[in-house]
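Each remark here refers to the structure printed beneath this line.
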Amino acid sequence: MKRCQCSSTGSRKWRGWELQAAEQLFSNRSGVTRRDVILKPAEKQMDFLLLFAIYVLFILSCIALVCKCSSNRQTPFERFLSFASEKISAWIPLRLQRIFYKAQHSVFHQRNRLFLYLQLFLEAAVFAEFSYEVFGFCREMDSGLPSLCVPYVLLAGKSYYFYQCCCKDPGTITKENHSAQVQVYQYDRRLFHPAVTCPTCLLVKPARSKHCRVCNRCVQRFDHHCVWVNNCIGAQNSRYFLAYLLLVCAVAADIAVLTSDMLFHVVLRSGLLHAHYIDQDGQQQPAGPLFIVQHLFLTFPRIIFMLGFLVFVFMLLAGYTLFHLYLALINQTSNEWYKGRARGCQHCQAGPGPPCPPQAGITRSFYNRGILRNLQEIFRPLTHSKKKKK
């Protein structure tokens with residue numbers, strides 16, 4: 001039976017616990033198979049991997065279901081949550097219900113820094129694991145220092161845009177700038193109608209604006225309120241938000257690629273591709289992909305978990321980033337996209353009269369001025385003075 005061996009070229013020295021794990025996984029010098037060490041822990045780790053994969057697929061399915069059914073007034077997922085909460089609330093004391101609803105309102109309906117701190121904690125955990133283990137392994141395998149420093153450069157850029165998203169004013173509409181903001185965009189008379197007053201700010205709502213209930217203010221070219229930056233996304237900080245999303249995806253992808261490359265070289269140098277093991281029936285079997293995954297998870301549990309987390313974050317944020325890039329190219333906000341899909345013409349829903357003729361394309365293309373000018377509007381938001389010059 002073949003033993004796992006590591007290359008000793010140059011000054012490369014593998015950690016003793018890795019060699020010990022490889023010894024326990026394959027064989028000892030006497031040729032006696034350590035079944036208790038090899039098979040049982042591996043099976044437990046594979047059970048965890050299977051459960052983790054099912055969990056990721058379940059989350060992605062829920063997100064896809066919510067996105068697909070977002071055109072309805074209430075999605076099946078929301079109806080299920082409402083039904084479940086009604087049934088469960090009958091068994092929960094009224095005092096605990098009040099505490100739960102108060103905490104829920106504070107987290108999701110008021111400005112707070114919970115998700116901001118959660119994001120910083122996850123980011124610190126990922127970079128701590130990358131710096132402590134992956135960086136050292138890559139240096140032992142003679143990986144280039146510039147490529148290993150790229151995640152830190154991306155982190156610096158991401159931190160700058162993250163700060164701008166958190167602190168930059170999104171375009172608050174006040175009494176002082178209201179008269180100028182009203183003249184920036186025309187009313188499309190489908191989603192945005194003239195002479196509509198905000199009941200909270202008591203100001204006529206400019207086209208493409210919306211009152212944020214979380215921040216309690218009207219925002220110019222309102223997109224959405226992001227709990228991860230604890231701020232609204234509007235005309236004045238949309239460019240920072242897009243750059244922030246792109247850099248988060250780049251950081252996750254780069255660390256995932258470096259980690260995968262490190263694990264791939266570990267497999268090559270340890271001889272796992274040509275190794276054999278003794279199964280429970282006493283038969284010699286080649287170490288296939290399933291056994292290699294078991295070995296990697298036993299040897300590098302934190303690295304494998306970090307890699308799975310990064311892949312999941314990248315898949316989730318990549319789709320969200322592409323969606324916002326698409327909206328930027330057609331000069332539309334997520335608030336307008338949702339209104340156009342979920343509500344249609346607000347004038348038709350307001351009264352019992354006959355509906356307006358179908359004009360599905362008007363909502364999407366009314367503010368579209370071409371790709372280049374749409375992108376220019378993201379990086380240089382329109383003002384009343386700029387519009388007059390044109």
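Annotations for the structure displayed:
- So PHE291, is it touching a residue at least 60 places away in the same chain (Cβ under 8 Å), hydrophobic (A, V, I, L, M, F, W, C), out of contact with any helix residue (DSSP H, G or I) (no Cβ under 7 Å at 6 or more places or on another chain) and surrounded by 20 or more Cβ atoms within 10 Å (Cβ to Cβ): yes
- Taken as a whole, the structure leaves TYR240 outside the set of residues that are open to solvent by less than 20 Å² (accessible area, probe 1.4 Å) and of a type in the set (Ser, Thr, Tyr).
- If you go through region 114-143 and keep only what is closer than 23 Å to VAL266 by Cβ and either open to solvent by 40 Å² or more (accessible area, probe 1.4 Å) or not assigned by the TED database to the domain that holds LEU310 (or both), you end up with ALA125, ALA128, SER131, TYR132, PHE135, ARG139, GLU140, ASP142.
- Restricting region 220-237 to residues that are farther than 19 Å from LYS339 by Cα and hydrophobic (A, V, I, L, M, F, W, C), the residue that is most open to solvent (accessible area, probe 1.4 Å) is TRP228.
Condition check ((1) part of a loop (DSSP other than H, G, I, E, B); (2) in contact with a Phe, Trp or Tyr (Cβ under 9 Å, 6 or more places away or on another chain); (3) acidic (Asp, Glu)) across all residues:
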position	(1), (2), (3)
LYS158	no, yes, no
TYR161	no, yes, no
GLN181	no, no, no
GLN186	yes, yes, no
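- Within region 263-279, the residues that satisfy the criterion of being of a type in the set (A, V, I, L, M) and either open to solvent by 20 Å² or more (accessible area, probe 1.4 Å) or at pLDDT 90 or above (or both) are LEU268, LEU273, ILE278.
- Selection within region 316-326: residues that are modelled with pLDDT of 90 or more and not hydroxyl-bearing (Ser, Thr, Tyr). The member of this set that is surrounded by the most Cβ atoms within 10 Å (Cβ to Cβ) is HIS324.
- Against the list (1) modelled with pLDDT of 90 or more; (2) assigned by the TED database to the domain that holds VAL313, the condition PRO194 fails is (2).
- Index of the failed condition, PHE130 passing every other in (1) more than 18 Å from VAL248 (Cβ to Cβ); (2) touching a Pro at 6+ places or on another chain (Cβ under 9 Å): (1)
- ARG217 falls short on exactly one of the conditions (1) open to solvent by less than 20 Å² (accessible area, probe 1.4 Å); (2) touching a Ser or Thr at 6+ places or on another chain (Cβ under 6 Å); (3) over 28 Å from VAL150 (Cβ atoms), and that condition is (1).
- Any hit, region 148-170, residues being open to solvent by less than 40 Å² (accessible area, probe 1.4 Å), in contact with a Gly (Cβ under 8 Å, 6 or more places away or on another chain) and modelled with pLDDT of 90 or more: yes
- Unmet requirement for LEU191, which otherwise passes all of (1) surrounded by fewer than 20 Cβ atoms within 10 Å (Cβ to Cβ); (2) farther than 20 Å from GLN119 by Cα; (3) out of contact with any Pro (no Cβ under 7 Å at 6 or more places or on another chain): (1)
- Filter result for SER85 (open to solvent by 40 Å² or more (accessible area, probe 1.4 Å), modelled with pLDDT under 80 and not aromatic (Phe, Trp, Tyr)): yes
- Counting residues in region 327-350 that are within 20 Å of TYR187 (Cβ to Cβ), among the small types (Gly, Ala, Ser), surrounded by fewer than 18 Cβ atoms within 10 Å (Cβ to Cβ) and modelled with pLDDT of 65 or more gives one or more.
The values are calculated or read from the model by the stated rules, or taken from the named source; none is laboratory data. The structure presented is a predicted model; accordingly, all values stated were derived computationally and were not measured. Because the Cβ atoms are built from the backbone with ideal geometry, glycine has one as well, and the counts that use them run over all protein chains shown. Surface accessibility is based on the protein's heavy atoms, side chains included, excluding ligands, DNA and RNA. Shrake-Rupley method; radii C 1.70, N 1.55, O 1.52, S 1.80 Å.
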